[in-house]
Structures are given as C-alpha cells and as structure tokens.
Protein chains: 2
Amino acid sequence: MATAATKDRILDAAETLFASHGFAGTSLRALTREADVNLAAVHYHFGSKEAVLRAVLHRIIDPINAERLARLDAVEARAGGHAPPVEAVLEAFLAPPLERMHTLGARGAVVLRFIGRTHNEPAQLVRDLVREQFQVVAGRFARALGRARPSLPRHEVAWRLHCVVGVLSFLLAQTGAQAVLPGLDPRDAAATTRRLVGFLAPGLRAPMTPGRAAPALAARPRPHRRMGTRR
Amino acid sequence: MATAATKDRILDAAETLFASHGFAGTSLRALTREADVNLAAVHYHFGSKEAVLRAVLHRIIDPINAERLARLDAVEARAGGHAPPVEAVLEAFLAPPLERMHTLGARGAVVLRFIGRTHNEPAQLVRDLVREQFQVVAGRFARALGRARPSLPRHEVAWRLHCVVGVLSFLLAQTGAQAVLPGLDPRDAAATTRRLVGFLAPGLRAPMTPGRAAPALAARPRPHRRMGTRR
DNA sequence: GTCTATAACGGGATAGAC
DNA sequence: GTCTATCCCGTTATAGAC
C-alpha cells in the first residue's frame, strides 16, 4: 500500500529528528525534508505536530513497556509466591529497551536515544505523555522491588527506582554519541544489562542511609568557600 | 549601576526559561517579556541568543565545578597520600550542586533544574558547551575514583562515574516538579547528598560484573516475545 | 491521498534615533 | 545604554486544485 508508506516515513523521520533535536528543535519542514514528503501530508495524516509526537511516542514506548511487564510476570511466576530477587526485577526493567536495538536494526540507535531523551525533554507536553504511559509500569516495578526489600520504606524504594530510570535514560540518550561510553557496546544488550544490574543492584540492596554517615563523609573543606557569589 | 541591572535581569530570565523550556523552546521575545527588557537590549549586551546561553551556562556551572575541585583537593589532602574513600569523593562531587540551592535563594530551584537539564539538552550547542566545561572535572574525579578502586579497569570507573552524572542530572532536572521525589527535600542538601551517596557508593564499590551473572539473572521469559513488531 | 499556494504569525537580528 | 521600527525568514496550519 502506497499510502501507509507515507505515514510510516513521516514517523521514521520524526523519530530521528525528535531524538536528535528534541520536539521544539524540530520543525515540520525539516521533518518533510527528511521524510521526503509534502508538508500537507503531515497534516493530512496526523493533523498537527503534536499528534505526530503522540504517535511516535506510542509506537516506541508501548511495546517496550509491554515487554517489561511480561518479563516481570515471568520473573514473579518463577519465584512462585516468594519475592523475586532485586537483580531479576532490575533486569526485567532494563533489558527490554536495550534489546530493542536488535529488533529495530538501523533505527535501533535512534530509538534508544529517543527513549532516553523523552524523560528529560524540555517540552512539557512530552514529559506529560511519557509520565502517563510510564505510570503503570513504574508502579508495578516499585511494588515488586518493595517486596524484595521489605525493610525499606515505600518512598525510599520509589526514589531508588527513580534513580534507576535516571541512569538508564541518561545512558540511552547518548547512544551513538562519540565514544562517551568507553567499553560499552550498545549492540551487546545482554552485556550492557549485566553491567547496569551489577552497578545498580547494590544500591537497591543497600540499607537505609543512616542519619549520620560513614566516617569520611563528614569531610567538608573548612572555610574554603570558593563557590563564587554573583559577579 | 543601572546598566548592570539590565544585563543581570536578562540572565536571570534566561535561566528560568531555558530551565523550563530548553534552548530551542525559549524565544527571545519570551525572554524580553520575562526580563521586562527591550528586545534590542539583548542583542546589545550579548550579541545573539547563543551568546546569552553561553553566559548563563558559565554563570551557573563555573562556581559549582570550582567548588567540586576544591572539595576534592580537601578530601585528598585529608587522606594524606592514600586514596580517599569512594564515599568522600562522591560527596565532593554531589554536594556542590545540591548546596547551591541555599546560596541562591529563590533562584535555587530554577538553577538546579537548569543544571539537570543541560546534560540532556536536545540542542547540540548546549551539550557541547557543557561537555567542554565538564571535562576537567570529570577527569579528575575519575582519577580519584580509580585510585580508590584500583582493581577496576579505568574505563569501568569512567562508565560508573557517567552513571553517577546520569542520576544526579535526572534528579536535578525535576527539582520543583510535582512531588516526583517523595521524601526528598531539595532544601536539605546534606540529607539528599547522604542519600545519594548511600545509593551510589555500593555500585562504585562493586567488583567487575562477571561474564556470567548471579543465578536469578538468567531469568528470561522463554519464547514469549511480545515486543511487538511494527504495526 | 497528494500536491501547490498562501495565510497568519512569530522567530532572530539590525539600523538608527535619542 | 536604551528605545522604536523594520527586515527577512521560517513557522504551523489550511484552502482548494488535481
């Protein structure tokens, strides 16, 4: 069908450009140039720039979140009534986006960057849409992690999961960038996942931070203030 | 002096708007409205929108990075030839931006969000400027962490520091947002720092991830693929 | 469904009076 | 140093022919 091709070309181009320059930084003309499509076609198929964004977001994020939930189901089923270990829950959360790289082929790197960016997009609209789609997933994973670490207050678990999202989105956002991640091969999703789990799981397993911290923690530079007042 | 007031009002407004809507999402007209300044004044004082960005970036980031280095100096001096503990190095890195909140008063929350955003700004220009200013700091902290964990390959240390930046920037970017961080009081910098150190230090202390991971880690849903091909 | 043409407006930048 | 007025271009969106 020739008509579907146009629509998909628009979505592909939008992915690429939004991933690289953000929503506000991408004009519809740049989009039509990249997609080799007429300007009016965009409005015919989607109605507005905002609608294009919504479509792109769903196409990318929905399958990943579905896969996350499916894996969490599997992990919990395997644990059979018990709380699954933190590492398994983490992997169910982290692996789906990382593995997306392969199933998407050439578009993989772009999509990963897109996902990474969305969580910190300046455009309010983008963040709202993402949060909305993400809410269910975050809730289920927070509960799973809470069961794995019952000694932690619920808000602490939620906060730590939030940190996990921060790391993931930051790394994804730089996919394909100039060697910022030495030794990290974005095409080896399994290795990246293991590495991330290895880094994050200890933090999730850590006990509550004590009011008074480790000995060296009190080390502040004595009156040495060089923070600079306004010039 | 009445002339300096205009320039500073422009910088203040730029901070606020760039932090909220990003570089591309902020127009010079919006800027002049916020600053209550004439459009031509912006060009007189700075020359271009890009130059405004550069000025704002330096005003915010330079003192924080200087403070980071000063604290790292202090921490290393205290260790007296030995490698300072991971926790102390982490705190020297994390505390300065978090404490900035206080010294800046009302502008504090805005500035924090700005810092968080810049690391993931869609605009290439912003990321380049930030990377340039950040390079020296990142290098010194990576070396300090490497000395603290001599058994880790250098690129692994760099990668983990990268993850730390990811967490920090993600949290900062949401400063002042709608209760996304339950239980985290952005005005108590010391508590936030402790909490972050408590979460991140275990990951930095962790040994290299083994090729084959922990038992539960192999848990993948068997042919269950629901990742969704393109529709 | 796809095109051209254009509307209606906002963008950054600048000239020149004061 | 600060203003008004204006240039010129790019922006989203739409009308209407094909």
Taking the options B:Arg107, B:Arg100, B:Arg29, B:Arg68, name whichever one is farther than 21 Å from B:Gln133 by Cα, more than 16 Å from DNA strand C (Cβ to nearest atom) and of a type in the set (Lys, Arg). B:Arg107
Can you name the condition, by its number, that A:Ala77 falls short on among (1) free of Cβ contacts under 8 Å to residues at least 24 places away in the same chain; (2) closer than 24 Å to A:Arg100 by Cα; (3) within 16 Å of DNA strand C (Cβ to nearest atom)? (3)
Can you say whether A:Leu17 is within 16 Å of DNA strand C (Cβ to nearest atom) and over 17 Å from A:Leu168 (Cβ atoms), as far as the supplied structure shows? no
Can you say whether B:His82 is within 12 Å of DNA strand C (Cβ to nearest atom), surrounded by fewer than 22 Cβ atoms within 10 Å (Cβ to Cβ) and more than 22 Å from B:Gln174 (Cα to Cα), as far as the supplied structure shows? no
Considering residues of the range B:124-159 that are among the aliphatic types (A, V, I, L, M) and within 24 Å of A:His119 (Cα to Cα) only, the residue nearest to the other protein chains (Cβ to nearest Cβ): B:Ala158
Can you find a residue that is aromatic (Phe, Trp, Tyr) and closer than 22 Å to B:Ser20 by Cβ anywhere in the range A:112-120? yes
Answer with yes or no whether A:Thr192 is β-branched (Val, Ile, Thr), more than 8 Å from chain B (Cβ to nearest Cβ) and not in a helix (DSSP H, G or I). no
Within the range B:15-62, count every residue that is free of Cβ contacts under 8 Å to residues at least 24 places away in the same chain, more than 11 Å from DNA strand D (Cβ to nearest atom) and touching a Ser or Thr at 6+ places or on another chain (Cβ under 7 Å). 2
Could you figure out which of (1) over 23 Å from A:Asp128 (Cα atoms); (2) within 12 Å of chain B (Cβ to nearest Cβ); (3) assigned to a helix (DSSP H, G or I) isn't true of A:Phe18? (1)
Filter the range A:160-185 down to the residues that are surrounded by 20 or more Cβ atoms within 10 Å (Cβ to Cβ) and more than 9 Å from chain B (Cβ to nearest Cβ), then identify the one that is modelled with the lowest pLDDT. A:Thr175
Only listed residue being more than 12 Å from chain B (Cβ to nearest Cβ) and under 21 Å from A:Thr193 (Cα atoms), chosen from A:Leu112, A:Leu94: A:Leu112
Given (1) within 16 Å of DNA strand C (Cβ to nearest atom); (2) in contact with a Leu (Cβ under 8 Å, 6 or more places away or on another chain), where does B:His43 come up short, assuming only one miss? (2)
For the range B:97-109, what are the residues that are on the phi < 0 side of the Ramachandran plot, without any contact (Cβ under 8 Å) to a residue 24 or more places away in the chain and within 12 Å of chain A (Cβ to nearest Cβ)? B:Thr103, B:Leu104
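The values are calculated or read from the model by the stated rules, or taken from the named source; none is laboratory data. None of the values given here were measured: they were computed from a predicted structure. Every residue, glycine as well, gets a Cβ built from its backbone with ideal geometry; the counts of neighbours run over all protein chains shown.
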